[in-house]
Structure formats: structure tokens, C-alpha cells
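Read-outs: derived from the displayed coordinates by stated rules, not from any lab. Not measured: the values here are computed from a predicted model. Here the Cβ positions follow ideal geometry from the backbone for every residue, glycine too, while neighbour counts run over all protein chains shown.
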Amino acid sequence: MPLRNRIAYAFLAPYLLIFATFWLWPIINSFLISFQNTRVNPWRFSLTVNWGRLVADPAFYNALYNTLIILVIQVPVMIALATVMAVLLNSPLLKARPLYRFAFFAPVVVGEVAYAAVFRLMFSIDFGIINKLIGSVGLPPVSWFDNGTAAMALVIIAVTWRWAGYNAIIILAGLQSIPGDVYEAATLDRVGKVQQFFHITLPLLKPIILFCVVLSVIGTMQLFTEPFLITNRGGPGGATETLGLLLYRQGFTSLNFGYASAIAYTIAALAVAISLLNLFIGREAK
Amino acid sequence: MKSKSRTLMMQRLALHAALTPLAIIWLFPLWMMFVFSTMPDYGIFSPDIVLWPSTNFVENFKNLQADTNFLRAMFISITVAVIYTVLSVMLTSMAGWALARYRFAGRSMVIAIILGTITLPFAVVVIPQFIMVAREFKLANTWVALIVPPLFNSLGVLFMRQSFSMMPTELFDAARVEGVKEWRIFLHIALPLARPTMAALSIILFLASWNNYLWPLLINSRPGMMTAPVALGTLIGLTKVSWGGIMAGAVLLTAPILFVFIFLQRHFISGIAAGAIK
Amino acid sequence: MAGLTLTNVIKRFGAYEVVHGANLEIADGEFVVFVGPSGCGKSTLLRMIAGLEDVSEGTIEIGGIAVNDVEPSERRIAMVFQSYALYPHMTVRRNLSFGLQMNGNPKEDTERRVAHAANILQINELMDRRPGQLSGGQRQRFAIGRAIVREPQVFLFDEPLSNLDAELRVQMRVEISRLHKQLGTTMIYVTHDQTEAMTLADKIVVLRAGRIEQVGAPLELYDNPANQFVAGFVGSPKMNFLKARIEGKGASGVTVSLRADPRVKLTLPVSSAVAAGSQVMLGVRPEHFVNAGAGDTDLTVRIDVAEHLGHTSYVYATISDEPLIIERPESRHGGDSDSLTIGLSAARCFLFDAEGSRLR
């Protein structure tokens, strides 16, 4: 019925208009801008000015390296932690469950700026509570903001704190969709709790965990606020500069939109590629 | 044979022994945020380990307000989040309804485009969005710039679509047989039934807008038009600034939403978990 | 009030045809039941009459007017759904009045109609509850009430009783029958349950795989099924089908022998031409066996199980691997022996050819 068709378009149109203007077109436009020399006025088309620079830019490789390091360390640690949280929270033996749930899930609602500020203060070198606590057990203080490795560790710790609960929520939802009688059957078959986890829970959770990994990869690829605010704009000396931060600096400090767009597309392409790789490996392992 | 109750007790003990330290570590930053916000700056930077709140919150807030007009920023943040949430729920539920309940030409293409691009990072559109809004539309430092562009978010469409397609078709057929107009079916039958989904979605959207940082940072950087996170962010890294004030701001940003979280945990969680259900 | 005419109605979903040219005449005030196994197209046919599905080809007329392009709401029909489709967030009173209200019907008239429907169905005291607070039977009653309120020309029922338990099903069946007598409106009723069809219908339409197999009054279908499918579908327990072979043709008809036991021979009056030696099916209803010696021939079967229901007994038996069910109204025993000899009367037997067409 054509009338129903028209009604459907009427329902869809307002959203579609916004979606096309602020999402679809920018996705395409970003690609086009990456082929513009935006450091001249007016912009001029050039196949190589940005992409050529990208493949030769040490700042890009530094940011790429930092981002991948964070990705490789932070994502697995966080997902493992989130899985443990979810499994333990799901245990029928747990008392005061709401309290524990609150502890792990609360960071999910805390804004990036607020938590960046707290982390910055907690880890400050001379008077930060963390170094005071480290000192109180007799260890030397850590230069969280002056030592490149420590600064990376700090970013990883911060991101893990902020996002582990988020993933735990998703994994917990997955756990709760596993029917209980599967475990009852396993218990009657004299399968131990730990074996149940590895042979029943994990395989059944795999799609959910993969989903979390993909989400985290996308998040990490564009990581911006933490190195921007906590480690002071990617410091020390670029040791925590991520691709997201490089994009910001190129786009909005140097106003070199063409180069920033090339970086943006690289981020997107890497995110998609790594996600697909994950899904592929996940399917292979089945 | 092992005694059943004894084994259970041991398991319970081990469980709590593992979870309690983890929970304390996880709560620690939030607790310290609160503690810092009540301490004078000389207390924060004293060599003593202080883990208990003091009484300097109001003083700290006054310092914050002196550093940046935080009340104005809070007002902007709240207003933007409310308007954004209402608009976004309207748009996404209408679109979700259309995609769930009508078969029209182009339907599967729209769904494919939404699904295909939903996982792309925001980074990929930030440059053209900025150029468009700031340079072509000349909308930098306006309310529209804060509210309208983020409405593209398509997770809500899928969320609402899922909710509508799980409702029994017969319900809408019954109304159609009774001669109820399509938009009234949507308004009087579909929307009331989707209320739990809309609640969960609203919370997630409100939270996203409230905490949004990068886009407001780029588009509204003029002092009178900054959102609260942006205003607070400008202070971090300055040398002559009250850290107690920053912490007071952080608490003001966090506490209301944490408070809501405690009471609406179920909706929060179903909203977040819904991202995984496709 | 109105009758319906379906002329060569075809329904396709994409390239897939699910209803292949249905022709049907429904008189004003008639109670018609569409019956058939799931996937036979009966619900699709009903939804086309309702206007919820488009007609791919052919015409549907209600009250002499073609309604192919008429919106459902303009067809003066009311529909009762399998899941009742009551709006869960409204009281049942609001459920009943919602459609009229949305179409700007005067308030007093709406109230009058709702009160009238509530009276007919005796649901006055539950009117302010929500559907979730009602039992399945009550919900069903309100779903019917919502249809009555529309004062339609035609009532459409889509498997309305299939979500109820057995006892309620019987009760609601009686009520729907009573409602039809009271209102005298045309009703079209879809079910896969042949008992509902037999008990409710003035006219049964048997469908299979998108085709109308036979149209007729319930007892007509029972006594005179057009083919093996209808014969098997109407009647409970199902008609037995025994493989048989044409032995020859005489003055009084053809003689067939059972494949399971070629000594069992039966002569049936068959008018159409059949070749000797061809394979056929002998159909006999469980209730139409007679005592040994009382019929035209006897056969001996092996008993698997006997069910004694008090007023009657069903014997589940086999004759060289072909299963059959025999009803024995008088017998209350039979557990001792594991075989049974029973009589067949040619007058109560049917004969079908290999394609399932009726020979006798």
C-alpha cells in the first residue's frame, strides 16, 4: 500500500536527515578532505600531500606505536578483569551484591573530565595519594608524569578503571542468559566449578566477549581524553601521544584539516581491520 | 564425601576474599574525589595521607566559580542534556518504528547503512562535522551546535526498532482493523508499550550528553558557552588553579548522575547491555 | 450485514504463491469455518478478507462491493486474534472503546455499544481491569467484546481458541455459537481443529496447500468427503486407510482385496472406470467397524493398545504393519487376547485411487 509507504518515510525522515547530514556525509567528506592540501587557501586537491606525509611522519608512527601498545596491553587485561567481575558478581553465593555491583559499575557513569582530574591528582608525583601509599610501604615514589613508561601505565590503569565495569555489565547480561540447568547438569556429571567456567561459561560467552573486544578496540583507537588531560597532552615528550590526540593537535591546534582527516581515516580503517581480525580469529577458534 | 555446607562456606569465603579488595580499589578514586573536594589545597598537597573528608567543600566551590563560571556551565550542560535526550528519543523512536513495522522501498538499505557504520569511530567524522558546523553554518558557540549534530547517534534507532519488532503484530493489526490512524497507533499503542525501552534509552542518552567532552570542547570553547566538562577541563593543567575547586567541580559533575544511577541501576544496565543485543 | 464473494483470489509473497485462486461464496449470516493443517493458507485468506494482506490477484467482495483497495477499517469487519491482541496498557473498557473513540464516534453511542457488548458477554464486573489481570478465557471474551462493539457486517476469528486449555475451549466454543445465534451476523472462523469446525460451522471450507479442497456442511463432509485428504481430516479419530488392490469388476461393483491380508475381499459399488490390478486405498472410519460376522467380510488384526474411556473403547491395532484404530462401543475388555476379528461393511467403506481422489 503506497499510503503506508509514505507514512513510513514520514516517520523516518527527520532522523534520516540528521543521520545523513552529521554522520553519512561527514564519513564521505572526511575521505575527500584527506586529499586536500588544507594549508593553502583556497584548498587544493592533492593525492599525496597528506597521505604522503603520513607514511613518513615520525609523529604518526610514535602515536600509532603508543596506541597499539595501549591496545595490546589494556584491552586483554580489562576484558579478563571484566569477565572475572561478571562471573563473580553472578555467583549465587554472593552477599551484598548491590554494593559490589555499585563499586564496579559506578565508574561507567563518571565523566571523562571528572575522572581524569582525580587520577591526575591521585598520581601526582610529590603529593599524590598513590605515591604516598607506595612510600608508606617503603618503596620509592614513581614519576607518573615524567617517566614515559610510567605515564603509559597510568593511562592504561585509568582506562581500565573507567571501562572494566562497562564491559562487566555486558558480560553479566550474557551470563544471565545462559540457562541454569546447564550448570546443574554439569554438577550432576561431577564437573568442577573451575572446569565449568572454562568448558561451559567461556565458550558460551565467546560472542559477547568478542563484542566487548571489538567495542574496546574502537574505543582505544580513538583514545583522546586520558592522554589529553591526565598525562598533560600526551606527555612526557609525546610518550603517551595517541592517534586520537595527534588527530586533535593536527586538526584543531594546527588547523591542518586535510592531514587530520588522513589520520582520522587511518584510525577508522585500523579499528575496522582489527575488529574484523578479532571476529575472524574468534570464528576460527570455534 | 565432603560435607556440602562446609564446601559451600569455603567457596563463599573465597568469593568475598577475592571481590572485596577489588571493590575497594574500584571505589577508591571516587572516594578520593569526594575527599579531595572537601579539603583545602594546602591539605591536598600536604605530605600526610588523608583518607577522610574535611569541611572545605563550599570554599572550594567558591574558588572554582572564581576560576571559571561553573554554575553557568552546569546550567548549559543540564539544559543541553535534557533537550538532546527528548529530541533524540523522539527521532530514534520514530525511525525505529518505521524500520520495525513497515516494509517500504529502501528499508533494508537504510538498515544496512546504519548497521554498517555504527561501529565507525567518531574520530572519522569529527573534522568534517566541525568544518560544517563551525565554518559553513557558522554555528560555533551556539546551543544548536551542542544539541543537533550528536543526534545522528544510531544505537537508539536499533534499540527502539528491536523493542517495536518484539511487540505482537496482531496488536497493531487489531488497531488497523478498528480504523485507528497509523500515527495514532504509534502514539497510543506502540509508544506506551515501549516505555521501559525509552526509559533505558533516555538514561543512556542523557549520560552521553552530560559527559560528552570532545565535541563541546571543539565547537563551544567560548567561556560563556562551555559545558561543565569543558569548563572543568580548561582548568586541568593550569598552574595557578585551585585543585580543591576542580575536585568540587568533579563531584558536582559526578554526584547527581551517580545518585540517579543508584536508583535506576536496572535501566542503566539494560541500556548498556542492549548495545550487545543485536 | 453482508455476504462475501471470493473470486479467483491469489496471494503471492514475492515469487512464492501461497493461495492459488480461491473461489468461495458466503451467504449473509452464515457461520463459515476455514479449516486445514498449518501452512494451508487459511489465515492468509482471512487476513486478505480483513485487508491486512493485499490481494495479489482476483477480487474479494463484501456485501456486493469489491474491497480489494478498501482500508481494513472501512470494510465493516471486526477481527478476533489468536493472541487476543488486547492493548496491554489500557483497561479493558478503554480497549473496547478505543477504536470508536479514535474515529470520533459520539461518546454516548460508544458507551451504549460498550455496555451492550458487556451485557452480551457478561463481563460487566471486570471492565476496569487491565488485560494482564485477566485469565485467558476472560481475555478471549473481551477480545470478542471489542469486535462486537464495532457492530460489523462480518466477524473474523483467527484461531481464537488455540491459546486456551481444553475445558475452556469447549466452553468458549459454545459461547461463540450462542453469539452467532444471537447476532445473526456473518462469521468467518479459522482453525486447524476439526472438532471446532464440525461443531461451529454452517459451512466448512477445507484447505490444503493454498487450495480449497471441499466446501460443505459439516455432516456432508463427514458422509461424503470429496477426497482422501478431506476424509482423513474430518472425523476423530481419523479415518483408517488400508492399502488395497482392485481384483476385478462385476455387476455389483469392483472387488478389492487388502494388501495386508489378500484373503479379505470386499465388493463396492464404483461407477468410474478402474483397471484391475491398480493400487487403491480403502477408507473406513474407526466407528464404522462392525462385529465379526455382521458385515460383508471379516479381518483379523493384532492389538497394540486398547484405551477404555468408559462409554467407548479405542483399539490401536496393526494388520501386517499397517496401523488402524477401531472403536468398540460395547467392549470394556480385550486385554486378554492380542488379536481381534472384526467385520467390515461395504456400505460404510470409502475407496480412493492412488492420487487420493474418491472412487466411492
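Using the alpha-carbon positions of chain A, Rg (one decimal) and Dmax (whole number) come out as 23.2, 79 Å. Averaging Cα coordinates gives a centre for the range A:136-211 and one for the range C:246-286; these two points are 75 Å apart. As a length-normalised measure over Cα pairs under 8 Å and 6 or more apart, the relative contact order of chain A settles at 28 percent.
Under a Cβ-only charge scheme (Lys and Arg +1, Asp and Glu -1), can you give me the dipole magnitude of the protein assembly as shown about the Cα centre, in debye to the nearest 20?
Magnitude of the dipole: close to 2060 debye.
Straight Cα distances below 27 angstrom link B:K62 to the lysines B:K240, with same-chain residues fewer than 8 positions distant left out. Short to long, the 5 Å bins of the Cα pair-distance histogram for the range A:201-250 hold 6, 21, 21, 15, 11, 9, 9, 7, 3, 0 percent of all pairs. For C:I123, no residue 5 or more places off, or on another chain, has a built amide H under 5 Å of its own. Cα centroid separation, the range B:1-31 to the range B:82-131: 43 Å.
Using helices alone, I'd like the mean residue ellipticity at 222 nm for the protein assembly as shown: each DSSP H run of four-plus residues gives -39500 (n - 2.57), total over residue count, nearest 500.
About -16000 deg cm²/dmol.
The phi torsions of the range B:84-93, fed into the Karplus equation with coefficients 6.51, -1.76 and 1.60 and a -60° offset, translate into couplings of 4, 4, 4, 4, 5, 4, 4, 4, 6, 6 Hz, rounded to whole numbers, with Gly and Pro shown as x.
Taking the DSSP beta bridges in the protein assembly as shown as the whole, what percent of them are antiparallel, to the nearest 5?
Numbers: 64 of 82 bridges.
Within the protein assembly as shown, antiparallel bridges account for around 80 percent of the total.
Given R0 = 51 Å, the distance between the Cβ atoms of C:D69 and C:Y316 translates into a calculated FRET efficiency of 0.45.
Holding the Cα-Cα limit at 19 Å, pick out from C:K107/C:K181; C:K181/C:K238; C:K42/C:K203 the pairs that are longer than that.
Working: C:K107/C:K181 29 Å; C:K181/C:K238 30 Å; C:K42/C:K203 15 Å.
With Cα atoms farther than 19 Å apart: C:K107/C:K181; C:K181/C:K238.
Using a cutoff of 8 angstrom between alpha carbon atoms and counting only pairs six or more residues apart, the relative contact order for chain B works out to 32 percent.
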